[in-house]
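To start, the structure itself, in structure tokens.
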Amino acid sequence: MKRVFLVNPKKYSTNTNQLNEHDLIKGCINNDVYCQQVLYEKFSPKMTGVSLRYCNSKMEAEDVLQDAFIKVFDKIKTFKGEGSFEGWIRKIVVFTALKSNDKRVRKFEPGNLENIQEQSLESKAISNMETANLLSILQELPEGYRTVFNLYAIEGYSHKEIGTMLGVSDVTSRTQYSRAKQYLIKLLAKYGIQRI
């Protein structure tokens with residue numbers, strides 16, 4: 001679903017490259033619809049990918065993305081300029097997706113590292129895959145595994161941070177991540193992608 005904005009075309013140049021990030025943020029703080037449109041169009045493609053990694057369907061990911069951008073526009077006044085603006089938006093998208101997942105029952109298996117065998121995913125095997133193929137394989141992970149895998153391997157959160165976000169222990173986060181890797185190795189083998 002494409003978001004539609006109504007703008008006064010005479011008020012702005014058609015060249016959106018003239019707006020730097022600071023001006024874009026300032027415009028959004030002032031509820032400038034054109035700046036909101038430009039910001040959405042600039043960041044929504046990347047954030048759609050983030051949202052898709054946490055959701056079970058494209059429709060759900062679009063809903064999460066819309067909710068996240070509403071939060072971005074609502075909370076943009078709180079952005080202090082510390083760190084990247086894209087990272088700030090990404091964090092809102094991730095937390096919105098996690099909150100959406102809380103509406104469904106997320107299943108985490110209790111943490112126990114005793115029977116987990118450490119296996120590695122070879123980056124060469126994964127880097128040779130198309131993004132869409134990798135995303136569809138990640139979608140096959142059970143929800144708890146997928147959530148922890150995304151937060152740890154892709155977003156870069158620590159197991160302690162993940163535990164706090166999800167209301168589980170850091171041991172449970174580690175266990176989920178380890179099991180996710182084992183599950184991914186099996187999925188990759190199922191699709192004929194061998195470890196290199």
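The values are calculated or read from the model by the stated rules, or taken from the named source; none is laboratory data. Treat the numbers as computed from the prediction; the structure is a model and nothing was measured. Cβ atoms come from the backbone with ideal geometry, glycine included; neighbour counts cover every protein chain shown.
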Original post:
Do any residues in the stretch 137-164 that are without any contact (Cβ under 8 Å) to a residue 24 or more places away in the chain and outside the structural domain of Ser57 (by TED's automatic domain parsing) have Cβ atoms under 7 Å from those of residues that are in a helix (DSSP H, G or I) and aromatic (Phe, Trp, Tyr), where the two are at least six apart or on different chains, and which pairs are they?
Top reply: His159/Tyr152; Ile162/Tyr152
Original post:
How many residues does the stretch 138-153 hold that are at pLDDT 90 or above, within 22 Å of Ile193 (Cβ to Cβ) and part of a helix (DSSP H, G or I)?
Top reply: 7
**OP:** Quick one: in the stretch 34-92, of everything that is touching a residue at least 60 places away in the same chain (Cβ under 8 Å) and among the polar types (S, T, N, Q), which residue is farthest from Ile137 (Cα to Cα)?
**Re:** Gln66
Original post:
Restricting the search to the stretch 51-97, which residues are among the polar types (S, T, N, Q), part of a helix (DSSP H, G or I) and under 15 Å from the mean Cα position of the chain (by Cα)?
Top reply: Ser51, Gln66, Thr96
**OP:** Return yes when Met47 is modelled with pLDDT under 95, more than 22 Å from Thr164 (Cα to Cα) and not acidic (Asp, Glu) and no when it is not.
**Re:** no
Subject >> Lone unmet requirement of (1) surrounded by 14 or more Cβ atoms within 10 Å (Cβ to Cβ); (2) modelled with pLDDT of 55 or more; (3) more than 19 Å from the chain's Cα centre (by Cα) for Ala189 >> reply: (1)
Original post:
Considering Leu151, Leu184, which residue is more than 15 Å from Val50 (Cα to Cα) and crowded, with 20+ Cβ neighbours inside 10 Å?
Top reply: Leu184
**OP:** Sort through Leu135, Leu113 and tell me the only one that's modelled with pLDDT under 90, part of a helix (DSSP H, G or I) and in contact with a helix residue (DSSP H, G or I) (Cβ under 8 Å, 6 or more places away or on another chain).
**Re:** Leu135
